[in-house]
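Visitor: Sharing a structure with you now.
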Amino acid sequence: MRLLLVEDETPLRESLSAQLKEAGFAVDVAADGSEGFYYGTEFPADLAIIDLGLPDIPGMTLIRRLREAGRAFPVLVLTARDRWQDKVEALQAGADDYVVKPFHVEEVLARVNALLRRATGWSQPVLHCGPVELDTSRQIVTVNGAPVELTSYEYRVLECLMLRAGEVVSKAELTDRLYDQDFERDSNVIEVFIGRLRRKLDPNDELAPIETLRGRGYRFALPRAEDRHD
Amino acid sequence: MPSSLSARLLLSVSVVLVLFFGLTVAALDRLFREAGERAMRNVLEVHLIALLAAAEGSGSQGLSMPEELPEERFAQPGSGLFGQIRDENGEVVWRSASSVGAPLRDAPVLAPGEREVTNLALFGDMPVMRLAMGVDWEFADGTTRRFEFDVAESLDLYHAQVERFRAQLFSGFLGLMLLLLAALAMLLRWILRPLRRVEAEIAEVEAGSRSELGTGYPSELSGVTENMNALIRDERARLKRYRNTLGNLAHSLKTPLAVMRSALQGGGASAGELEAQIARMDAIVGSQLKRAATAGGTALGDAPVPVGPVASELRDALNKVYADKAPRCDFEIADDAVFHGDREDLTDLLGNLLDNAYKWCDHATRVTASAVDWAGRRRRGLMLVVEDDGPGIGASDLRRVLARGARADERAGGHGIGLAVVTEIVEMSGGSISIDASALGGARVEARIPPR
């Protein structure tokens, strides 16, 4: 998943982007509103994290402009203002959730994961597809209840496919969502990840969870289970 | 202009009274003098007719008066009544004893039937009114001669009457005016007594022997005193808020200070460690002071905030944040449910309550708002109830969740910081908050906020 982080405070931006990358996200960073608008409109993003107190364009305005430019990705707002009026205004401007500074990184990660999941139509933190279960909040994958050990990148690839289960995800999209723009792109890496995922999820060749569509990409083939609302 | 209201009123009423009484006195005086003059003229007329009746034609066309005159004052010198008769040549035929040495009239003799009334001075300085009349006297032999009869009466008595009348009039009106002014002054004392009470009570509030102004003021003043009370309460709440903030600030700054001191004493204080503590202190200072500075009930000048629109905004916002859970949120908000204070405070108050309800509910939340009568106030206060169908709050947790000064990093803990903020806002406005079980199954938080 590829995130856009717009935050003017350098230490916070650097530490947050490092922690997001550590959690397996590709992160574009912008230090002010106009840079944020450029990245948000010129590069693919699955979600934007926007600080409300930006030096040039206020965060609220940036969100509005991104929405006007047709960008529908979820927006998580960071705000130092702990008053409900500000939260309400940000949400009205087009944001989807907020985190109040100072925050724990876990809080941001939890909100980011929830927003990504929601944007793809999943309403619960645990994604069910056939016997495969992926818990987005704890980042745990099980098949028929048995846990599967995945590396961070493998997890991100699987999450990407399962979030959009049933849809075709191109190799380029996967690359975009896994790496920053300055990363040297090598599509073979994706093939390697897919191969490893198939072996780990389906050691006995019974499930065939991931289909390869020649020239188009990959599809998570197991059917989504009904979302269980409590 | 005098600075006292009663002095202003007394002064203006005095001016009006003086004008009014002055005009009345002048009019009455004039009426009295006119009536007096008319009476004088009648008296002179009677005297003249009496003289005419007393005069006798004596032989060959002469007139004579008897020794015994109809009015004996004619015979007394200095009596103030004078008489004289002249023939057609202006020769004095008869003159009363009182008028010896002072011709009553020496102008040409009047034609028969002609009358003349004149005020003049006799003997140099005695003011008199004189009536002169020309007559044709018919003698026994059938011949007629013209004569002029003059009578005059001294005005001294009349003037004395006028003086006495004026004196009575002036003293009467002066007394009446003083009486009216005295009554007005007493009335003013009585009417202005509530104002003096306000003054005294404000002095007591300043001195600290009284917490706010009392009740039972007349309706013209109760608006002022209620607003004054709102101002006093607001000021007091603001002070309390500042004290709380300073207390919290001091308390929360001690922890990073202790960390820094122990790091320094241990000798191994790294720049990064100190930097982190400094950043923490900076954040604490920023958030605490900002809250203290921006929030606060406004007593005057701001219109009351209707609850409905604020609640709708918050529901839209929270529906977005809790899209996974998508709970139901019912409103029962009366049109006249208004919050007497700052809009941001209402947003914080309801935002925190509703956020908690969304967080803890299973499916359903409810916001109820209505206007409620408030003891001792003309305007109605607000009752705000937020409920959910979650697990509720146990009795043992109640005191903890309502306690002030829950630290910001405890905020993930749910009901904690949110309710502390709510409590602060409600208490600052002079209201009350209570928590019990909801008919929905979960917690029910009820806040009551007084009118201004």
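Bear in mind these aren't lab numbers, they're just calculated from the coordinates by the rules spelled out. Owing to the predicted nature of the structure, the values given are computational and were not obtained by experimental measurement. Backbone-built Cβ (ideal geometry, glycine too); neighbour counts: all protein chains shown.
Visitor: Run the dipole for the protein assembly as shown about the Cα centre, Lys and Arg Cβ at +1, Asp and Glu Cβ at -1, nothing else charged, and hand back the magnitude in debye, nearest 20.
Guide: 2120 debye
Visitor: Computed FRET efficiency, Cβ-Cβ of A:THR61 and B:SER211, R0 41 Å: what is it to the nearest 0.05?
Guide: Calculated transfer efficiency: 0.30.
Visitor: If the label point is 7 Å along Cα→Cβ of B:VAL18, which residues in the range B:153-192 have backbone nitrogen under 17 Å from it?
Guide: From the range B:153-192, the list is B:170-171, B:173-182.
Visitor: Report the one residue of B:TRP374, B:ALA182, B:PHE149 whose Cα lies farthest in the direction of the positive end of the charge dipole of the protein assembly as shown (charges on C-beta: Lys and Arg +1, Asp and Glu -1; origin at the Cα centre).
Guide: It is B:TRP374.
Visitor: In Å³ and rounded to a whole number, note down the convex hull volume per residue for the Cα atoms of chain A.
Guide: 129 Å³
Visitor: So, one more: What are the ³J(HN,Hα) couplings of the range A:35-44, residue after residue, when phi is run through the Karplus curve with 6.51, -1.76, 1.60 and θ = phi - 60°? Round to Hz, x for glycine and proline.
Guide: Per-residue couplings from phi come out as 5, x, 5, 4, 4, x, 9, 9, 10, x Hz.
Visitor: By how many nm would the segment from B:ALA200 to B:TYR242 grow when fully extended, if each residue of separation counts as 0.36 nm and the alpha-carbon distance is taken off?
Guide: Contour length minus Cα-Cα distance gives 12.3 nm.
Visitor: So how far apart, in nm, are the two label points at A:TYR38 and B:GLU72 if each is 7 Å from Cα heading toward Cβ?
Guide: That separation, rounded to one decimal, is 13.8 nm.
Visitor: Do the sum for chain B: with -39,500 (n - 2.57) for every DSSP H run of n ≥ 4, divided by all residues, what is the mean residue ellipticity at 222 nm, to the nearest 500 deg cm²/dmol?
Guide: That calculation yields -18000 deg cm²/dmol at 222 nm.
Visitor: From the phi of every residue in the range B:200-216, what ³J(HN,Hα) in whole Hz does the Karplus formula 6.51 cos²θ - 1.76 cosθ + 1.60 yield, where θ is phi - 60° and glycine or proline is x?
Guide: 5, 5, 5, 4, 5, 4, 4, 6, x, 8, 8, 8, 7, 5, x, 10, x
Visitor: Excluding A:GLY217 itself, calculate the net charge of residues whose Cβ lies under 11 Å from the Cβ of A:GLY217, where each Lys or Arg counts +1 and each Asp or Glu counts -1.
Guide: Net charge around A:GLY217: +2.
Visitor: Run the simple label-point estimate for B:VAL100 and B:ALA303 please: 7 Å along Cα→C-beta, distance reported in nm.
Guide: Taking the simple label geometry, B:VAL100 and B:ALA303 are separated by 10.3 nm.
Visitor: Further question on the same structure: Note the per residue figure in Å³ for the convex hull of the C-alpha positions in the range B:1-134.
Guide: It comes to 164 Å³ per residue, whole-number rounded.
Visitor: Which whole-number percent is the relative contact order of the range A:126-205 (Cα, under 8 Å, 6+ apart)?
Guide: Relative contact order comes out at 24 percent.
Visitor: Once each part is reduced to its C-alpha centroid, what is the distance from the range B:159-224 to the range B:51-105 in angstrom?
Guide: 67 Å
Visitor: Just to verify a number: FRET efficiency for B:ARG377 and B:ARG261, C-beta to C-beta distance, R0 = 45 Å, to 0.05?
Guide: 0.30
Visitor: If the chain between B:GLN168 and B:VAL224 were fully stretched, how many nm would it gain, using 0.36 nm times the residue separation less the Cα-Cα distance?
Guide: Here the segment from B:GLN168 to B:VAL224 would lengthen by 15.3 nm.
Visitor: Same structure, new question: List the residues, sorted by chain then number, that are 5 or more residues from B:THR365 or on another chain and whose placed amide H is less than 5 Å from its amide H.
Guide: Under 5 Å from the amide H of B:THR365: B:ARG328, B:CYS329, B:ASP330.
Visitor: Would you please report the Å³ per residue occupied by the convex hull of the alpha carbon atoms in the protein assembly as shown?
Guide: It is 330 Å³ per residue.
Visitor: Another question, if that's okay. To make sure I understand, if each residue's beta carbon is the centre and we count other beta carbons within 10 Å, what order do B:PHE147, B:PHE339, B:PHE32 fall in, fewest to most?
Guide: Listed from fewest to most nearby Cβ atoms, that is B:PHE32, B:PHE147, B:PHE339.
Visitor: Classify the range A:6-56: rounded, prolate or oblate, from the alpha-carbon gyration tensor (a ≥ b ≥ c, eigenvalue square roots; a/c under 1.5 rounded; otherwise prolate if a/b is larger than b/c)?
Guide: The shape class here is oblate.
Visitor: A further question on this structure: Give me the distance in nm between label points sitting 7 Å out from Cα along the Cα-to-Cβ direction at A:ARG214 and B:LEU31, one decimal.
Guide: 13.0 nm
Visitor: Starting from the alpha-carbon convex hull of the range A:1-92, give the projected area averaged over all orientations, in nm².
Guide: Taking a quarter of the hull surface, the average projection is 5.5 nm².
Visitor: Taking 8 Å as the Cα distance limit and 6 or more residues as the minimum spacing, I'd like the relative contact order of chain A as a percentage.
Guide: Once normalised by length, the contact order is 17 percent.
Visitor: What ³J(HN,Hα) values, in whole Hz, does the Karplus curve 6.51 cos²θ - 1.76 cosθ + 1.60 give for the range B:152-158 when θ = phi - 60°, with x put for Gly and Pro?
Guide: My calculation for the range B:152-158 gives 9, 10, 5, 8, 3, 4, 4 Hz in order.
Visitor: Which of rounded, prolate, oblate describes the range B:57-107, given a ≥ b ≥ c as roots of the alpha-carbon gyration tensor eigenvalues and a/c under 1.5 marking rounded, otherwise prolate only if a/b is larger than b/c?
Guide: Taking the square roots of the gyration eigenvalues as a ≥ b ≥ c, the range B:57-107 is oblate.
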